[in-house]
Amino acid sequence: MASLNDYLLVSGLLFAIGLAGVVVRRNIIVVFMCLELMLSAANLTLVAFSRFHPAANGLPDYNGQMLVFFVITVAAAEVAVGLAIIVALYRARQTIHTDDLTSLKG
Amino acid sequence: MNLAWILLFLPLAIAAANQLILKKTGLAPLLSTASALGTFALAVMLLGKNETSHFAWATLGDFSINIGIKLDQLSTGMMIVVTGIGLLVHVFSLAYMKEDEAKARYFTSLSLFMFSMTGIVLADNFIMTFIFWELVGLSSFLLIGHWYQKDSAADAAKKAFLCNRIGDFGFMVGILMLWGITGHLGFDQMKSGLAAFQAANPAIFSSVLSAAVLCIFCGAIGKSAQLPLHVWLPDAMEGPTPVSALIHAATMVAAGVYMLFRLQFTLGFEAFEALQASTVIAWTGGITALVAALMATQQNDIKRVLAYSTLSQLGYMVMAVGLVHGEAGMFHLFTHAWFKALLFLSSGAVIYACHHEQDIWKMGGLLKKMPITGFTFLTGFAALIAVPYTSGFFSKEQILEAAHEKEPILFWIAAVVAVLTPFYMTRLYVVAFLGKNRSENASHAHEVGPLMLGPLVILAVLGVIAGFPFVASKFAPAYLQPEHLVHLGFVTYVSVGALAIGVLTGFMVYAGKEKDPISIPLLQNRFYIDGFYDNFIVRYFQDTLASIIAFFDEWVINGLIVDGLSRSAESLGNRFRLVQSGSLQGYAFVFGLGVLIVVYFIVFGR
């Protein structure tokens, strides 16, 4: 049976892949997907802790799992808003390439 | 007492009203003239009063500077001179400046001058004197530069201001020294402080006080145009002629003499006489009188001749003060004010009639063309050269008596001046008024209007009678009535002899001449003093100093401090600009890095 460390390792990998994607990729939709990946990594951690750190009565600590639901809900809303922004951005600039979006350069 | 305050501030109020509200309307000249009339009436009402009143203007701990008014015979008599001549000059200006475009500015400046001059005369302490001293300097600057479109007028105004500033610097130092010595600034309290200082430091008393008096005398050198700061006064003739009559002949230039006499009065005559400074003052006055009279003999501009004659007469007055016969100096100031204002206004009428021709060799025969002006000029001429029983005779007699009694060499210098004065004035009169017309302008001249003639006639009457005891004892700022009206003696013989010699040589040399038979370049070029100042002092001292200061200003102040600050702020900003890369991933990377560092410190930090 997989131990807590295995879960955390997978979650850390997921998070690292997500972060690397956010930093490296230039397509804003891929960046967005990588962000979602990082959220999933966090969710995985929360569930793993919930499972491996039971409460005093032997049941899993459901606080962690509750938090995951909240994260998923918020992430759904965030995706809706984020995609809308990307669409608007594309309409304004005809590009979703981050290298071309430099109007805030000082 | 309230009247005196009104007397002081009425001209200021008028000047302000003219400048702020009435500049565009034609009312300014009339209002200024009305104010001059009002101040003259007030001055007559205040004549002979003996009062003081003051308020604290600035207070610092125990020390306070007052603005105060001191009325006594000296100040009220002087006010008669200032407001009387001021009034006549205002009236004369109404006609003289009729066609001037900027006459509102002219009359505003005149009112400002009246305010400043009143302040000097009525002041009850030295700080107030100094403030108004600077204000007359300012109004004189404004009026000399009235026709500032002419370079010569603008330069003359600047020159006058700078020369005065040099003197005023000494004046300020002198005031501070006197304050340090006596602990007081007011004229009335100074004497007690002086006695205390003398008791405490008997050894250094007279030298310190001498130094203070000499520093204060510097102020008088500047304002009364004594050697070596006399150069501004002849140039100041660039201003309108009524201004020359009021400021540069009768009142402002006499302020130096007035202030010196006030100082003498304050310190006490005996204390003043004991000082070395009095000798210096007397000799400065005597030498100025001589040098200026010499220069006057070779000038061709009618106003410049009169300007040098003013210098010379001021030298007389300063000499009298230096000889501790200040009352003789003040008496001469009083009579001189009337007849010199008369001479200037008459010359103004002549210049007006000759379409602004000022060269006497281009005039000639004016007595026939404008008999009244010619006659009033003759009256002033007679008073200036001290024809017996004119005002100038009585006052000059007193000065000569004083010199004869105190210092024989100065007496003979004064006697030489008394020969030169009739000589150059005869030259002026013969060339300008007698003979035949020598130019187009002179032959078209005709008598000026009543607005100009009125003041001339009044001044002519005063120029004759102002020296008689029945006028002088009442109106003169200081007057020591002689036992006999004319005391026949050695001095009188010398004076009348000098007069006769001067007039006769003047006639013989200049009658019927077409151009100047004598030519002395040294005198024409005013002893090369102006040239020396321009080519030596200005070039080597002023310009060098100016370039050092310009360097300091350009590189240290501007380059290092002002621009340096902005440059360092700019370069700092440029550094920070690099942070704003505008690259989304860059931000994300830094953000991730930041999170990592935070995590690192939380986990391994302890």
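The values are calculated or read from the model by the stated rules, or taken from the named source; none is laboratory data. Please read these numbers as outputs of a predicted model, since none were measured by experiment. Glycine also receives a Cβ, built like all others from the backbone with ideal geometry; neighbour counts cover every protein chain displayed.
Being modelled with pLDDT of 90 or more and surrounded by fewer than 24 Cβ atoms within 10 Å (Cβ to Cβ) narrows it down to one residue among B:G137, B:G180, B:G68, B:G86; which is it?
Working: B:G180 fails: modelled with pLDDT of 90 or more; B:G68 fails: modelled with pLDDT of 90 or more; B:G86 fails: surrounded by fewer than 24 Cβ atoms within 10 Å (Cβ to Cβ).
Selected residue: B:G137, the only one of B:G137, B:G180, B:G68, B:G86 that is modelled with pLDDT of 90 or more and surrounded by fewer than 24 Cβ atoms within 10 Å (Cβ to Cβ).
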* To do: State yes or no: is B:V603 within 14 Å of chain A (Cβ to nearest Cβ), loosely packed, with under 11 Cβ neighbours inside 10 Å and assigned to a loop (DSSP other than H, G, I, E, B)?
  => no
* **Answer residue from region A:27-42, given it is within 19 Å of A:L101 (Cα to Cα) and either of a type in the set (S, T, N, Q) or surrounded by fewer than 14 Cβ atoms within 10 Å (Cβ to Cβ) (or both) and is farthest from the chain's Cα centre (by Cα) among those** => A:N27
* Do any residues in region B:583-606 that are farther than 18 Å from A:L101 by Cα have Cβ atoms under 6 Å from those of residues that are in a helix (DSSP H, G or I), where the two are at least six apart or on different chains, and which pairs are they? -> B:G592/A:L19
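Being within 14 Å of chain B (Cβ to nearest Cβ) and at pLDDT below 90 is the requirement here; does A:V30 meet it?
Working: within 14 Å of chain B (Cβ to nearest Cβ): yes; at pLDDT below 90: no.
Spelling it out, it is not the case that A:V30 is within 14 Å of chain B (Cβ to nearest Cβ) and at pLDDT below 90.
Take region B:151-208 and flag every residue that is of a type in the set (A, V, I, L, M, F, W, C), outside any helix (DSSP H, G or I) and in contact (Cβ under 8 Å) with a residue 60 or more places away in the chain.
Within region B:151-208, the first condition is being of a type in the set (A, V, I, L, M, F, W, C), and the residues that meet it are B:153-154, B:156-157, B:160-163, B:166, B:169, B:171-173, B:175-179, B:181, B:185, B:187, B:190, B:194-197, B:199-200, B:203-205, B:208.
From what's left, outside any helix (DSSP H, G or I): B:185, B:203-204.
If the condition is that a residue be of a type in the set (A, V, I, L, M, F, W, C), outside any helix (DSSP H, G or I) and in contact (Cβ under 8 Å) with a residue 60 or more places away in the chain, then B:L185 is the only one that fits.
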* Asked: How many residues, within region A:58-106, are within 13 Å of chain B (Cβ to nearest Cβ), among the aliphatic types (A, V, I, L, M) and outside any helix (DSSP H, G or I)?
  -> 3
* Say we look at region B:352-369 and pick out the residues that are touching a helix residue (DSSP H, G or I) at 6+ places or on another chain (Cβ under 6 Å) and among the aliphatic types (A, V, I, L, M); which of these is surrounded by the fewest Cβ atoms within 10 Å (Cβ to Cβ)? -> B:L367
* Structure fact -> Just one listed residue, out of B:Q542, B:Q580, is touching a Gly at 6+ places or on another chain (Cβ under 6 Å) and either surrounded by 12 or more Cβ atoms within 10 Å (Cβ to Cβ) or not aliphatic (A, V, I, L, M) (or both), and it is B:Q580
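Going by what's in this entry, would B:F532 be described as closer than 25 Å to B:W232 by Cβ and not acidic (D, E)?
Details: closer than 25 Å to B:W232 by Cβ: yes; not acidic (D, E): yes.
For B:F532, the condition - closer than 25 Å to B:W232 by Cβ and not acidic (D, E) - is met.
Name the single residue, out of those in region B:1-16 being of a type in the set (A, V, I, L, M) and surrounded by fewer than 18 Cβ atoms within 10 Å (Cβ to Cβ), that is farthest from B:A43 (Cα to Cα). Can you show your working first?
Keep residues of region B:1-16 that are of a type in the set (A, V, I, L, M), which gives B:1, B:3-4, B:6-8, B:10, B:12-16.
If we keep only those that are surrounded by fewer than 18 Cβ atoms within 10 Å (Cβ to Cβ) as well, we get B:1, B:3, B:6, B:13, B:16.
Numbers: B:M1: 12, B:L3: 9, B:I6: 10, B:A13: 17, B:A16: 21 Å.
Taking the candidates together, the pick is B:A16.
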* Please work out which one of (1) more than 22 Å from B:S75 (Cα to Cα); (2) touching a residue at least 60 places away in the same chain (Cβ under 8 Å); (3) assigned to a strand (DSSP E or B) is the condition B:T52 fails and give its number. => (1)
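If you check B:V556 against the conditions, is it more than 10 Å from chain A (Cβ to nearest Cβ), free of Cβ contacts under 8 Å to residues at least 40 places away in the same chain and surrounded by 11 or more Cβ atoms within 10 Å (Cβ to Cβ)? Give the derivation first.
Details: more than 10 Å from chain A (Cβ to nearest Cβ): yes; free of Cβ contacts under 8 Å to residues at least 40 places away in the same chain: yes; surrounded by 11 or more Cβ atoms within 10 Å (Cβ to Cβ): yes.
In short, yes.
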* To do: Filter the helices (runs of 4 or more DSSP H) completely within region B:362-445 down to those with at least 2 residues that are modelled with pLDDT of 85 or more and more than 17 Å from B:G463 (Cβ to Cβ).
  => B:391-406, B:408-433
* Hey, could you check region B:89-122 for residues that are over 13 Å from B:P240 (Cα atoms) and in contact with a Lys or Arg (Cβ under 7 Å, 6 or more places away or on another chain) and say which is surrounded by the fewest Cβ atoms within 10 Å (Cβ to Cβ)? => B:A104
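Take B:L27 and tell me if it is touching a Leu at 6+ places or on another chain (Cβ under 8 Å) and farther than 20 Å from B:A255 by Cα. Write out each step before concluding.
Working: touching a Leu at 6+ places or on another chain (Cβ under 8 Å): no; farther than 20 Å from B:A255 by Cα: yes.
Answer is no for this residue.
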* Structure fact -> Those residues of region B:506-527 that are surrounded by 11 or more Cβ atoms within 10 Å (Cβ to Cβ) and not in a loop (DSSP other than H, G, I, E, B) come to a total of 9
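Taking the stated definitions as given, is B:V448 surrounded by fewer than 23 Cβ atoms within 10 Å (Cβ to Cβ), in contact (Cβ under 8 Å) with a residue 12 or more places away in the chain, over 29 Å from B:M319 (Cβ atoms) and out of contact with any Lys or Arg (no Cβ under 9 Å at 6 or more places or on another chain)?
Details: surrounded by fewer than 23 Cβ atoms within 10 Å (Cβ to Cβ): yes; in contact (Cβ under 8 Å) with a residue 12 or more places away in the chain: yes; over 29 Å from B:M319 (Cβ atoms): yes; out of contact with any Lys or Arg (no Cβ under 9 Å at 6 or more places or on another chain): yes.
The answer is yes for B:V448.
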* For region B:185-205, does any single residue satisfy the condition of being within 25 Å of the chain's Cα centre (by Cα) and small (G, A, S)? -> yes
* Every residue from region A:3-25 that is surrounded by 13 or more Cβ atoms within 10 Å (Cβ to Cβ) and away from chain B (no Cβ under 14 Å) -> A:L4, A:Y7, A:V10, A:S11, A:L14
